[in-house]
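Please read the structure below before turning to the comments.
The values are calculated or read from the model by the stated rules, or taken from the named source; none is laboratory data. Nothing here was measured: the structure is a model prediction, and the numbers come from that model. Each accessible area value is taken on the protein alone, full model and side chains, heavy atoms only, with ligands, DNA and RNA left out. Shrake-Rupley method; radii C 1.70, N 1.55, O 1.52, S 1.80 Å.
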Amino acid sequence: MTVHLPRAASAVLVLACACADPGGGDEAGTDAITGSSGDSSGGSSSGSTGASSVPTTSGTDGGSMSGTTGDASTGSPTSSTTDTLPPDMGPPARLSRCGEEPPPDAVLAPEIPKYAGACPILETGYMEGQAPNIIEQKVGPLTFNRKFLVIAPDDMQPDERLPVMFMWHWLGGSSKDFYERADAQNAVNQKRFIAVIPDGRTPEEGVFFKWPFSITDIDESLTAELEFFDDMLSCVHEQFNVDKDCVSSVGVSAGALFTSQLAGRRGDRLASFMSMSGGTGGNVVKNWKAPEHKLPGMVLWGGPGDFCIAVDFEDTSKDLEMHMVAGGHFVLECIHNCNHSTPPFEVPEGMTAFAPLWDFLRDHPFWLKAGESPYITEGMPLSMPTWCAVGAGNAIPPPGVCDQNECS
């Protein structure tokens, strides 16, 4: 159904696309961005980017990786890493993942600070009618109860040290919607991580588009959201055995627009991030803020048709890629060609539907060096679709367009 929002001030456009549910929910939503993409220096970009200098060759990893990259339309491999190495060199050393021993020279994530107050006793899982976890938040003179879900493996062991994935929903959605769409309980059981899924704010709570990513959101509002992230992480860390070197963030549409803001401002904490139909820049969305830590990012969108009313998510996604490449970050580009809708991941039997996201989390710990990724030297995991490729400008979308644009 169509979500009807109250009329915003004339300075703010109705972000119809960013609220539409690329996850394919019942609520089509209403979020949109317009204008040419720009950089933090005030310049502008057309949104197009050239091919990255990051290599696209790949190798193998004991059978766990696909071992090849190739033409997405044919599935034929282009080359393997060992084909391009000098004869006196063997395959490159395997990069360690989350849950494994970091290399001796690794730069590790800082310790997670303690919450300034008394954390609530966190309830895990989700059942209809279950009370959400709540952290009190102050924004100026106002106080709000911020709600979030914590999803942990059903059989989590006391000595198990788990990655954490923050999941930010689309404008027309909620934490419950993202939980259901991502099959989150099965995902954390299978891939061994903790999911933290917050609910966005309302216009009465000072944010018109659920998450403070627009240029009209005041700095105080964005700072409050960043502190909410800090508080959730601190409280989850207090109650569970968190792997501080494997904290990641994924957002969908409006949530993806905020995820890019979070990555720029909490790059010293995040190991990686994933933007699903999001991006940066333009006349409505805040520009990319370059973090000092070079964190890997998956930038995914639905092709030229990922557009809704006045929003072009291809432009905003390419703007994000442009800044990431310029800053030396690793980029995995994915273009599914299904417009503003659910990415059609075709994962091997036995994997959960969004397995590529969970694999990206586990494959990219904090200690990776600038621009480094196992996907460069070892190939991508079997869960990754053929329409993903290493480097901006390298993804080959599937032939034809699956007309699934859910904008209304």
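Summary of computed values
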{"read-out": "Over region 175-224, equivalent-ellipsoid semi-axes from the Cα gyration tensor in Å", "value": "29, 11, 8"}
{"read-out": "Cα-only Debye scattering, region 321-363: base-10 log of I(q)/I(0) at q = 0.16, 0.18 Å⁻¹", "value": "-0.59, -0.72"}
{"read-out": "Relative contact order %, region 132-214, counting alpha carbon pairs below 8 Å whose residues are six or more apart", "value": "32"}
{"read-out": "Stokes-Einstein diffusion coefficient of region 198-238, Kirkwood radius over Cα pairs, 37 °C, 0.692 mPa s, in µm²/s", "value": "305"}
{"read-out": "Residue-span extension gain [residue 283 to residue 134] - 0.36 nm each, minus C-alpha spacing", "value": "50.2 nm"}
{"read-out": "Dimensionless Rg ratio for region 172-291, taking C-alpha atoms and the 2.2 N^0.38 Å reference", "value": "1.05"}
{"read-out": "Whole-Å semi-axes of region 247-311's equivalent ellipsoid (Cα gyration tensor)", "value": "21, 13, 9"}
{"read-out": "Over 31 Å (Cα to Cα) - which of 147/244; 318/369; 138/286; 114/294; 176/369; 114/318 fall in this group", "value": "176/369; 114/318"}
{"read-out": "Shape box of region 265-408 [Cα atoms, principal axes, largest first, Å]", "value": "43, 41, 23"}
{"read-out": "Cα centroid separation, region 220-288 to region 303-344 (Å)", "value": "18"}
{"read-out": "Principal axis box of region 95-165, alpha-carbon based, largest edge first, Å", "value": "47, 33, 19"}
{"read-out": "Taking N as its residue count, the alpha carbon Rg of region 121-236 over 2.2 N^0.38 Å", "value": "1.10"}
{"read-out": "Accessible surface of region 161-209, 1.4 Å probe, proportion on carbon and sulfur as whole %", "value": "43"}
